[in-house]
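**Student:** Handing you a structure now.
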Amino acid sequence: MAISSATKHAFKSILVGLPKPCGGEYGKFFSLPALNDPRIDRLPYSIRILLEAAIRHCDNFQVTESDVEKIIDWENTSPKQAEIPFKPARCILMDNTGVPAVVDLAAMRDMMPKLGCDPYKINPLIPVDAVIDHAVRVDVARSCDALDRNQELEFDRNRERFAFLKWASTAFHNMQVFPPGSGTVHQVNLEYLARVVFNEDGIMYFDSVVGTDSHTTMANCLGVAGWGVGGIEAVVAMLGQPMGMVLPGVVGFKLTGRLRDGVTTADLVLTMTQLLRKHGAIGKFVEFYGVGVGELSLPARATIANMSPEYGATMGFFPVDQVTLDYLKLTGRSDETVSMIEAYLRANKMFVEHHEPETDRVYSSYLELDLSEVEPCVAGPKRPHDLVPLKEMKSDWHSCLDNKVGFKGYAVPKEEQGKVVKFDFHGQPAEIKHGSVVLAAICSSTNTSNPSVMIGAGLVAKKASELGLEVKPWIKTSLTPGSVVTSEYLKHSGLQEYLNQQGFHLAAHGCATCVGNSGDLDECVSAAITENDIVAAAVLSANRNFEGRVNPLTRANYLASPPLVVAYALAGTVDIDFDKEPIGVSKGGKEVFLRDIWPSDQEVEQVIKSSVQTQMFRQVYESIMKRNPRWNELPVPEAALYPWDPNSTYIRKPTYFKGMSMSPPGPPTVKEAYCLLNLGDSITTDHISYSGKIPDGTPAARYLRECGVDPKNFSSYGGRRGNNEIVMRGAFANMRIVNKLLDGQAGPWTIHVPTGEKLYVFDAAMKYKSVGHDMVIIAGAEYGSGSSRDSAAKGPMLLGVKSVIAKSFERIHRSNLVGMGVIPLCFKAGEDADSLGLTGRERYTIGLPTNIAEIRPGQDVTVTTDDGKSFTCTLRLDTQLELAYFNHGGILPYMVRNLAEQAK
């Protein structure tokens, strides 16, 4: 990035050259030590990256010297919720749930000629990398041709949106699109895209990134500051505008010791998730330090960083050390590039030696974990932070059967708990009971960048196969690594053969089971579950197990390491004590226990050293843009403005700019609003904007039928998110969402209060909307947790929801609501709908001023109901920039008006 006005730059005096060892210089950089400010030495490393970005962009317009001072004085300003602007170095997008960010950009470009402006003004001003991380329904996972068949199916279903993205890669400057089958965006980012240090136009600076994938945080393991945003916020970043953010607190997490033999990094990250959720990390950075960090491999750190959204943090940051540099070389970065990175980081005092005394840094709060105390575990059955030590799994499972319905309960009567259902599986006798595993998936996201657990899974499969153990054929198994390189080293090691023998055939390089796209269970298995009300189980090596996300028929879903996924598939049940009960019987008639097939750390390490090779990374990424012949042959329009097809059921022109004027509308009023849904705690973006299959009879299915789409081609809500009609009908379409207006009944329905009718949420909203009634949603704590899914804000807005009143919000979702002009309000501490006596059948009026000048971030707002109740909420518009978005009706109209104004 060129500093064209360096002569006027406020911090010109600290722009210095970085010499090369053999003469000359790498480039120039803004030197933090040259500021000679002792406060900087006390700053967390993650905050220093924000500081450097603010210094580099300081123009005293978008970023001011006052902003820089706030960051330097972080120790004092962060507790006061100080607001700062942040300009990331780049942005990444994914397409496993639609193409919202690029659709919005295309629609904005389309809007510009109507305002008398050049459409080429809508060009990304920072590097944008999009990966078509296609969500593959794993319908043929147990066949050896699963990968090719799934890619063929996915391409047939999604040709239209793939063509749209290929068009975008040519229509917008500075945008690179990776074809389907390239892997998940966060793993492509980790293995290939992440720079760690940029060196462009003679200026060096820290890599930083925001992405529409909530697991953008995986790059934090490389010392890259990055986090997930919704597609709404991504548009702001793509257009080179500063993102407004509250200067975050930082949790200092000290690690000591080292993991014991047989304990995996998946066990570690699930343990950390529980600790951090209990400690409180929402909206904060977590920065890891201590000698224990030096004992963790880079892929282990990637596993921990990846799961930041699950423990509620904005980032899980690891400063760069020698382990980082070694990984960069392993994955194909050149020696010269790695030397430049090290020189820059050392010069800016950002390189860490974990076994040397460190300068004392200040953190907002502190945690400590001795790695040697971590033990094997899983998490579930419904949330990623509900940790279950493996030795307690059997007793915990029986407690879940006994407990009342909730996050840890199913309320199965005692006399029903031992029920065994026998059925015919294609001529073979089969049986299931409560806790039977019907779906086992080694899937992308958290673990598949980690060779130790992937090799470990292969070795478990190998040992089991050699002893004659087999996974039952009615258990749906799949292997969907997020990296093409993973499949290369599994094949090279010979372990893929044994995984195949246990049914874990390679089905895709992308998201599948982890986003609910495992495909249907076999019909006879489905019938056995539904007709007998069986609490069936799924075990997967992902990071999210919210009820209804993985599969509609698996009411129990457990997160586990890849080796444990194989073990549970072999056992066929989660109702097992692995220490005391055998997994199966060998071909020689001997009982086989988990310890008999579990590899030692030494065995795993030997395979890694011989099979994970630098040339694999280089060969994969040198050919990544040409690997998919279907993509290569795909024709695309050449027009600068996208030729929208009004008959398309996949890609539709968004309606967000319809009827828009150049003047902002000002704050909306919310009077006598009906409650559309009354919800409890931990409502996830999967509940709000479902990704899975579109069932016949639903509002989305009715719409598609009206458009002439055959039911066999309905596909998924996620695959059709480029169409606002589906986004709207997919809002609250999850079969497992529990609405208090229905007395706790689960499903995508609500009560239309004026008539008392039970209707689909969409139908009820349209009934309210048709007569001009406003709507609100009431919710509990952690509303909007899970994926950074902007459709979870767009869908309710399109339904007509004006406000969400909750106990607390997850960071990204709150931001997305603001971006769509939906008012986020928080109940006061100690209060919620139940304590206030709210049933959801009242009508709500929100006492916000109509003049934006009278509204301030975080102010108290009075809400009154038609039956005389009154209570105070906190307005969760957190920054002045968010107030500006709110005044304009959301981020998108704000951006269009801004761009139009700049073009005049």
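**Student:** Looking at the structure I just gave you, is residue 195 in a loop (DSSP other than H, G, I, E, B) and closer than 24 Å to residue 502 by Cβ? If you could, list the steps in order and put the result at the bottom.
**Tutor:** On the way: in a loop (DSSP other than H, G, I, E, B): yes; closer than 24 Å to residue 502 by Cβ: no.
Spelling it out, it is not the case that residue 195 is in a loop (DSSP other than H, G, I, E, B) and closer than 24 Å to residue 502 by Cβ.
**Student:** Being of a type in the set (Gly, Ala, Ser), open to solvent by 70 Å² or more (accessible area, probe 1.4 Å) and over 17 Å from residue 666 (Cα atoms) is the filter here; which residues of the stretch 852-876 pass it? Spell out the reasoning first.
**Tutor:** From the stretch 852-876, those of a type in the set (Gly, Ala, Ser) are 853, 858, 868, 870; that's our starting set.
Checking the rest, the ones that are also open to solvent by 70 Å² or more (accessible area, probe 1.4 Å) come to 853, 870.
Listed by number, the list holds a single entry, 870.
**Student:** Residue 292 - would you say it is small (Gly, Ala, Ser) and at pLDDT 95 or above?
**Tutor:** Here the answer is yes, as residue 292 does meet what is asked.
**Student:** While we're here: Only one of 793, 779 is buried (at least 24 other Cβ atoms within 10 Å of the Cβ), farther than 14 Å from residue 730 by Cα and small (Gly, Ala, Ser); which? Show your work before the answer.
**Tutor:** Numbers: 793 fails: farther than 14 Å from residue 730 by Cα.
After ruling out the rest, the residue left standing is 779.
**Student:** Assuming residue 447 fulfils every condition listed in (1) modelled with pLDDT of 95 or more; (2) assigned to a loop (DSSP other than H, G, I, E, B); (3) buried (at least 22 other Cβ atoms within 10 Å of the Cβ) apart from one, which condition is it?
**Tutor:** Going through (1) modelled with pLDDT of 95 or more; (2) assigned to a loop (DSSP other than H, G, I, E, B); (3) buried (at least 22 other Cβ atoms within 10 Å of the Cβ) one by one, residue 447 breaks only (1).
**Student:** I need the full set of residues from the stretch 758-776 which are open to solvent by 10 Å² or more (accessible area, probe 1.4 Å) and at negative phi, in order please. Lay out the reasoning, then the answer.
**Tutor:** Of the stretch 758-776, the ones open to solvent by 10 Å² or more (accessible area, probe 1.4 Å) are 758-760, 762-763, 766-767, 769-774.
Those that are open to solvent by 10 Å² or more (accessible area, probe 1.4 Å) and at negative phi: 758, 759, 760, 762, 763, 766, 767, 769, 770, 771, 773, 774.
**Student:** Considering 391, 433, which residue is open to solvent by 10 Å² or more (accessible area, probe 1.4 Å) and either more than 30 Å from residue 293 (Cα to Cα) or free of Cβ contacts under 8 Å to residues at least 60 places away in the same chain (or both)?
**Tutor:** Sole residue among the options that is open to solvent by 10 Å² or more (accessible area, probe 1.4 Å) and either more than 30 Å from residue 293 (Cα to Cα) or free of Cβ contacts under 8 Å to residues at least 60 places away in the same chain (or both): 433.
**Student:** Moving to a separate point now. Can you say whether residue 851 is polar (S, T, N, Q) and over 28 Å from residue 516 (Cβ atoms), as far as the supplied structure shows? Spell out how you get there, then give the answer.
**Tutor:** On the way: polar (S, T, N, Q): yes; over 28 Å from residue 516 (Cβ atoms): yes.
In short, yes.
**Student:** Among the candidates 20, 70, 8, 28, which residue alone is farther than 21 Å from residue 89 by Cβ and either in contact (Cβ under 8 Å) with a residue 24 or more places away in the chain or under 29 Å from the mean Cα position of the chain (by Cα) (or both)? Walk me through it before giving the result.
**Tutor:** On the way: 70 fails: farther than 21 Å from residue 89 by Cβ; 8 fails: either in contact (Cβ under 8 Å) with a residue 24 or more places away in the chain or under 29 Å from the mean Cα position of the chain (by Cα) (or both); 28 fails: farther than 21 Å from residue 89 by Cβ.
The match here is 20.
**Student:** Being open to solvent by less than 30 Å² (accessible area, probe 1.4 Å) and in a helix (DSSP H, G or I) narrows it down to one of 255, 296, 275, 270, so name that one. Talk me through it step by step, then tell me what you get.
**Tutor:** Numbers: 255 fails: in a helix (DSSP H, G or I); 296 fails: in a helix (DSSP H, G or I); 275 fails: open to solvent by less than 30 Å² (accessible area, probe 1.4 Å).
Just a single option satisfies the conditions, and that option is 270.
**Student:** Within the stretch 117-139, does at least one residue satisfy the condition of being assigned to a loop (DSSP other than H, G, I, E, B), out of contact with any Asp or Glu (no Cβ under 9 Å at 6 or more places or on another chain) and closer than 30 Å to residue 566 by Cα?
**Tutor:** There is at least one residue in the stretch 117-139 that is assigned to a loop (DSSP other than H, G, I, E, B), out of contact with any Asp or Glu (no Cβ under 9 Å at 6 or more places or on another chain) and closer than 30 Å to residue 566 by Cα.
**Student:** Another question, then. Looking only at the stretch 691-730, filter to residues that are touching a residue at least 40 places away in the same chain (Cβ under 8 Å), of a type in the set (Lys, Arg) and open to solvent by 10 Å² or more (accessible area, probe 1.4 Å); which one of those is farthest from residue 644 (Cα to Cα)?
**Tutor:** The selected residue is 693.
**Student:** So, residue 422, is that one farther than 20 Å from residue 587 by Cα, in a strand (DSSP E or B) and either without any contact (Cβ under 8 Å) to a residue 12 or more places away in the chain or open to solvent by 30 Å² or more (accessible area, probe 1.4 Å) (or both) or not? Even if it seems obvious, please write down each step before you answer.
**Tutor:** Numbers: farther than 20 Å from residue 587 by Cα: yes; in a strand (DSSP E or B): yes; either without any contact (Cβ under 8 Å) to a residue 12 or more places away in the chain or open to solvent by 30 Å² or more (accessible area, probe 1.4 Å) (or both): yes.
Yes: the conditions hold for residue 422.
**Student:** Turning to a different aspect of this structure: What is the one condition in (1) part of a loop (DSSP other than H, G, I, E, B); (2) within 21 Å of residue 680 (Cα to Cα); (3) open to solvent by 30 Å² or more (accessible area, probe 1.4 Å) that residue 733 does not satisfy?
**Tutor:** (3)
**Student:** Go through (1) in contact with a strand residue (DSSP E or B) (Cβ under 6 Å, 6 or more places away or on another chain); (2) in contact (Cβ under 8 Å) with a residue 60 or more places away in the chain; (3) of a type in the set (A, V, I, L, M, F, W, C) for residue 307 and report which single condition fails.
**Tutor:** The single condition residue 307 does not satisfy is (1).
**Student:** Regarding residue 407, is this residue in contact with a strand residue (DSSP E or B) (Cβ under 9 Å, 6 or more places away or on another chain) and surrounded by fewer than 19 Cβ atoms within 10 Å (Cβ to Cβ)?
**Tutor:** Working: in contact with a strand residue (DSSP E or B) (Cβ under 9 Å, 6 or more places away or on another chain): no; surrounded by fewer than 19 Cβ atoms within 10 Å (Cβ to Cβ): yes.
Judged against the criteria, residue 407 is not a match.
**Student:** Here is a follow-up. Give me a count of the residues in the stretch 756-768 that are in a strand (DSSP E or B) and aliphatic (A, V, I, L, M).
**Tutor:** If we filter the stretch 756-768 for residues that are in a strand (DSSP E or B), which is where we start, we get 757-760.
The next check asks that each one be aliphatic (A, V, I, L, M); those that pass are 759.
So the count comes out to 1.
**Student:** Tell me, which strands (runs of 3 or more DSSP E) lie completely within the stretch 769-875 with 2 or more residues that are of a type in the set (Val, Ile, Thr)?
**Tutor:** By residue number, 775-778, 801-806, 843-846, 860-865, 870-875.
**Student:** Can you find a residue that is surrounded by 14 or more Cβ atoms within 10 Å (Cβ to Cβ), within 19 Å of residue 879 (Cα to Cα) and either among the polar types (S, T, N, Q) or under 27 Å from the mean Cα position of the chain (by Cα) (or both) anywhere in the stretch 87-109? If you could, list the steps in order and put the result at the bottom.
**Tutor:** Taking the stretch 87-109 as the starting set, the residues that turn out to be surrounded by 14 or more Cβ atoms within 10 Å (Cβ to Cβ) are 87-109.
From what's left, within 19 Å of residue 879 (Cα to Cα): 87-88.
Checking the rest, the ones that are also either among the polar types (S, T, N, Q) or under 27 Å from the mean Cα position of the chain (by Cα) (or both) come to 87-88.
Checking the stretch 87-109: at least one residue is surrounded by 14 or more Cβ atoms within 10 Å (Cβ to Cβ), within 19 Å of residue 879 (Cα to Cα) and either among the polar types (S, T, N, Q) or under 27 Å from the mean Cα position of the chain (by Cα) (or both).
**Student:** Next question. Pairs needed: first member in the stretch 319-336, under 26 Å from residue 361 (Cα atoms); second member anywhere, of a type in the set (Val, Ile, Thr) and in a loop (DSSP other than H, G, I, E, B); C-beta distance under 7 Å; at least 6 residues apart or different chains.
**Tutor:** 319/352; 320/196; 320/352; 321/352
**Student:** A follow-up question, please. Being loosely packed, with under 15 Cβ neighbours inside 10 Å and either free of Cβ contacts under 8 Å to residues at least 60 places away in the same chain or of a type outside the set (Val, Ile, Thr) (or both) is the filter here, so list the residues in the stretch 607-617 that pass it.
**Tutor:** 609, 610, 615, listed by residue number.
**Student:** What is the one condition in (1) open to solvent by 70 Å² or more (accessible area, probe 1.4 Å); (2) within 30 Å of residue 41 (Cα to Cα); (3) within 26 Å of the chain's Cα centre (by Cα) that residue 355 does not satisfy?
**Tutor:** The one condition residue 355 does not meet is (3).
The values are calculated or read from the model by the stated rules, or taken from the named source; none is laboratory data. The structure presented is a predicted model; accordingly, all values stated were derived computationally and were not measured. Positions of Cβ are backbone-derived with ideal geometry, glycine not excepted, and every protein chain shown enters the neighbour counts. These area figures cover heavy atoms from the full protein model, side chains too; ligands, DNA and RNA do not enter into them. Shrake-Rupley method; radii C 1.70, N 1.55, O 1.52, S 1.80 Å.
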